[in-house]
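Right, one structure below, let's go through it.
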2 protein chains.
Amino acid sequence: MNDQKQLIEKSEKFYRDCIPHISIDTVVFGFNQNELKVLAIKMKFNQQWFLPGGFVRKEEDIDVAAVNILKERAGVSNIFLEEFAVFGKKGRNESHFDDYDDGLWQKQRFISIGYYALVDYVSVSPKADALSEKFDWLEVNSLDRYQITMDHKEIIQKALMTLRERITYKPIGYNLLPEKFTLPELQRLYETILGRTLNRGNFYRKIKNMDILVKLDEQRKGSARKPPDLYSFNKVNYEKALQNGINSW
Amino acid sequence: MNDQKQLIEKSEKFYRDCIPHISIDTVVFGFNQNELKVLAIKMKFNQQWFLPGGFVRKEEDIDVAAVNILKERAGVSNIFLEEFAVFGKKGRNESHFDDYDDGLWQKQRFISIGYYALVDYVSVSPKADALSEKFDWLEVNSLDRYQITMDHKEIIQKALMTLRERITYKPIGYNLLPEKFTLPELQRLYETILGRTLNRGNFYRKIKNMDILVKLDEQRKGSARKPPDLYSFNKVNYEKALQNGINSW
């Protein structure tokens, strides 16, 4: 409890340097075991899952605030991070902190700015602080299994829709997949983002025609009878393809 | 000047009901004479062009605030309106109102939420108020010709990039074009949004294959030797095509 008190005192000092009514929530996407996942924190005080979030200092650009929040809360830095939407319904947060120790600051109305990040799953190892029970990765396809706080499920779904819209213009595959991946893994990632199954033959043909993949002289080791080939991205061609939009007009 | 004073008194009263540090700016797109344009206001006090903007009342959802701002400032309602980005650099607005009569409220730091709207050009007839010299439509392809205030040019360009990203998922053509249009007009709209020229044959073939157009038994009257055919959208098929993304995987 002493740790908690210290943290709360520290945060009350911090709040005085922040802009009121504005918060930031981050949706950190990772891809692992053929599933798209988002990073979340289970808070001790109400046992619900929260997105890593925070506030904007009075002298800080919002983009810088988002970088700092991810560094402090989730221990990740140097990652692809982009603002995607604002969540500003009256009443979205005000009643959710009634049982919370941490002063009145949390109970004001917050308009929250959503950022999404794309990380290589294995590079992230967040640590829980004294107020949070644990960090974990929630499967995007199974969000109903978790008690997610406030409108944070809606924030995740909106971030997923943003990936869908930006899939032709942003290096989404490049940032989410490990350096070496199989075509079934790439297809699974696209299917999760697009929210539907794709015809395998068409997908492979389209992807290969783009000239953004390099076939490696390696296979994925495992139990498969015919181990799938490994690929990596040709970064120069990938960036070039993004300029006009992959698979565009 | 009396009108101005009244307006300023009215707005000071209004500010007390608003959330500090948060503003809304709207990018209203219209398509006319083969050009994509945005609605802007020339302000008397500094002779610069502003996007129609405003603030969020303490009891108001941000989406509702955006609707109200467009109704009050630009006289438009019942239109396609969507949030697209946040502009939150420290210093983006604070120094721009030094010569402005209107109290200290305008000089605080504002994080501005951008909304874009798609309107049928002919349906809009905004009226200037006592603080603004006039309303006009600025050509998106010629923004350098205008003295645009603060980061409002950046806001317009980001809105255009958003159209580009959302062109496969949002009824952009449907909302921007008049009920009847020609294929060259549709192609020009796509070219402006995508920021590059498209091959005419490919574009016509793709658009026609989507089964979203209805060819009318009418031609565009004018001086052309061979008057171009008029088309309209088949709304049912258009909405269906958007569900999975027009021209998608």
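Between B:ARG92, B:ARG166, B:ARG145, which gets the highest mean-square fluctuation from a Gaussian network model of chain B, Cα cutoff 10 Å? So, out of B:ARG92, B:ARG166, B:ARG145, the one fluctuating most is B:ARG145.
The calculated FRET efficiency for the pair B:LEU198 and B:GLU82, based on their C-beta separation and a Förster distance of 25 Å, comes to about 0.55.
Each Lys and Arg adds +1 at its Cβ and each Asp and Glu adds -1 at its Cβ; summed about the Cα centre, the protein assembly as shown shows a dipole of about 1900 debye.
The calculated pair-distance distribution of the protein assembly as shown uses every alpha carbon pair, bins of 20 angstrom beginning at 0, and gives 20, 50, 27, 2, 0 percent.
For chain B, modelled as a GNM whose springs connect Cα atoms under 10 angstrom apart, the maximal fluctuation among B:LEU189, B:LEU213, B:LEU160 occurs at B:LEU213.
Counting from the shortest, the label point at A:PHE80, 7 Å from Cα toward Cβ, is 2.7 nm from the same position in each remaining copy.
For the residues of A:81-92, the average number of beta carbons from a partner chain within 10 Å of their own beta carbon is 5. Of the GluC sites (Glu not before Pro) in segment B:41-110, the ones in a loop by DSSP (not H, G, I, E or B) with at most 14 other beta carbons within 10 Å are B:GLU59. Calculate for chain B the 222 nm mean residue ellipticity that helices alone would give, adding -39,500 (n - 2.57) per DSSP H run of length 4 or more and normalising by residue count, nearest 500 deg cm²/dmol. Computed mean residue ellipticity for chain B: -9500 deg cm²/dmol. Electrostatic tally near A:PHE80: other residues with Cβ closer than 14 Å to its Cβ, Lys and Arg +1, Asp and Glu -1, net -2.
When Rg and the Kirkwood Rh are both derived from Cα coordinates, the Rg/Rh ratio for segment B:183-244 amounts to 0.99. Can you give the net charge of the other residues whose Cβ lies under 10 Å from the Cβ of A:ASP63, counting K and R as +1 and D and E as -1? The answer is -3. Per the Debye formula on identical point scatterers at the alpha carbon atoms of segment B:133-249, with no solvent, log10 I(q)/I(0) at q = 0.13, 0.15, 0.17, 0.19 Å⁻¹ is -0.62, -0.79, -0.96, -1.12. Among the listed pairs B:LYS5/B:LYS42; A:LYS240/B:LYS206; A:LYS89/B:LYS235; B:LYS180/B:LYS208; A:LYS153/A:LYS180, those whose Cα-Cα separation exceeds 26 Å are A:LYS89/B:LYS235; A:LYS153/A:LYS180. Contact order for segment A:3-159, expressed relative to its length and based on alpha carbon pairs under 8 Å spaced 6+ residues apart, stands at 34 percent.
With a cut-off of 19 Å on the backbone N, the residues of segment B:194-235 near the modelled label site 7 Å out from B:ASN175 along Cα-Cβ are B:194-195, B:233-235. Solvent-free Debye calculation, one equal scatterer per alpha-carbon of segment B:43-162: log10 I(q)/I(0) at 0.11, 0.13, 0.23 Å⁻¹ equals -0.38, -0.55, -1.96.
For the pair A:LYS107 and B:LYS13, a Förster radius of 25 Å applied to the C-beta separation gives a FRET efficiency near 0.40, rounded to the nearest 0.05.
Size estimate for chain B follows the Kirkwood approach: the inverse of mean 1/r over distinct Cα pairs works out to 19.7 Å.
Exactly which GluC sites (Glu not before Pro) in segment A:165-229 are in a DSSP loop and have at most 11 other Cβ atoms within 10 Å?
A:GLU179
Other residues within the sphere of radius under 11 Å centred on the Cβ of B:LEU242, judged by their own Cβ, net out at +3 (K and R +1, D and E -1).
Just in segment A:119-206: which chymotrypsin sites (Phe, Trp or Tyr not before Pro) are loop by DSSP and have at most 14 other Cβ atoms within 10 Å? Filter output for segment A:119-206: empty list.
Every number here is computed from the coordinates shown, using simple stated rules; none is lab data. Not measured: the values here are computed from a predicted model. Note: ideal-geometry Cβ built from the backbone for every residue, glycine included; neighbour counts use all protein chains shown.
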